[in-house]
């Protein structure tokens, strides 16, 4: 996602990372009890995962997360006027990049005075499962995260 943000930065596109909560809290990255703890833990996004985009912190109660669907890995693209252009219940870089490319093309067509009318689309995209990467994330969070995921989903990290 940072690569995509960098690619579009010169085209008046802003990308942020909204840090909501720890999806799989463990000993190293526990459930947030204070906002200061959440602020400290958000540093792991930069240190561990190299996130270079601006990181915004949701409230402890997760108000923004819940207002925008409550799924664990969502992506939203808004127009400058706040119109929802793209909404996905999972973040997939290729899908997001395709959508942003499309909407930038629409903006160019509008500047060229083409008369365009909006319509809604629903589609299913697919992302590659990365069980090894997911497992590494659980291990970084701590043994509690690994144990609770295994208990909830019956074993060997089937993410």
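When residue 73 is tested against the conditions (1) at pLDDT below 95; (2) more than 28 Å from residue 150 (Cα to Cα), the lone failure is (2). Among the residues making up the range 16-50, a single one is more than 20 Å from residue 64 (Cα to Cα) and in contact with a strand residue (DSSP E or B) (Cβ under 9 Å, 6 or more places away or on another chain): 46. Let me confirm something: among 120, 147, 110, which residue is closer than 30 Å to residue 26 by Cα and out of contact with any helix residue (DSSP H, G or I) (no Cβ under 8 Å at 6 or more places or on another chain)? Among 120, 147, 110, only 147 is closer than 30 Å to residue 26 by Cα and out of contact with any helix residue (DSSP H, G or I) (no Cβ under 8 Å at 6 or more places or on another chain). Here residue 91 meets the list (1) without any contact (Cβ under 8 Å) to a residue 60 or more places away in the chain; (2) within 15 Å of residue 5 (Cα to Cα) almost entirely, failing just condition (1). As for the range 128-137, it holds at least one residue that is in contact (Cβ under 8 Å) with a residue 40 or more places away in the chain, outside the structural domain of residue 6 (by TED's automatic domain parsing) and not in a loop (DSSP other than H, G, I, E, B). For the range 40-49, taking the residues that are outside any loop (DSSP other than H, G, I, E, B) and more than 13 Å from the chain's Cα centre (by Cα), the one that is surrounded by the fewest Cβ atoms within 10 Å (Cβ to Cβ) is identified as 47.
Residues in the range 50-63 that are surrounded by fewer than 14 Cβ atoms within 10 Å (Cβ to Cβ) and within 13 Å of the chain's Cα centre (by Cα): 54, 56.
On the basis of being in contact with a strand residue (DSSP E or B) (Cβ under 7 Å, 6 or more places away or on another chain) and more than 30 Å from residue 118 (Cβ to Cβ), does residue 100 make the cut? When the stated conditions are applied, residue 100 does not pass them. Set side by side, the residues 147, 110, 123 differ, and just one is out of contact with any strand residue (DSSP E or B) (no Cβ under 8 Å at 6 or more places or on another chain) and either at pLDDT below 90 or not in a helix (DSSP H, G or I) (or both), which is 123. In the range 1-30, the qualifying residues are those that are farther than 28 Å from residue 82 by Cβ and surrounded by 12 or more Cβ atoms within 10 Å (Cβ to Cβ), and the one that is nearest to the chain's Cα centre (by Cα) is 22. Quick test for you: out of 81, 98, pick the one residue that is over 23 Å from residue 19 (Cα atoms) and loosely packed, with under 10 Cβ neighbours inside 10 Å. Just a single option satisfies the conditions, and that option is 81.
The values are calculated or read from the model by the stated rules, or taken from the named source; none is laboratory data. Since the model is a prediction, treat every value here as computed from it, not as a measurement. Positions of Cβ are generated from backbone atoms using ideal geometry, with glycine treated the same way; all protein chains shown enter the neighbour counts.
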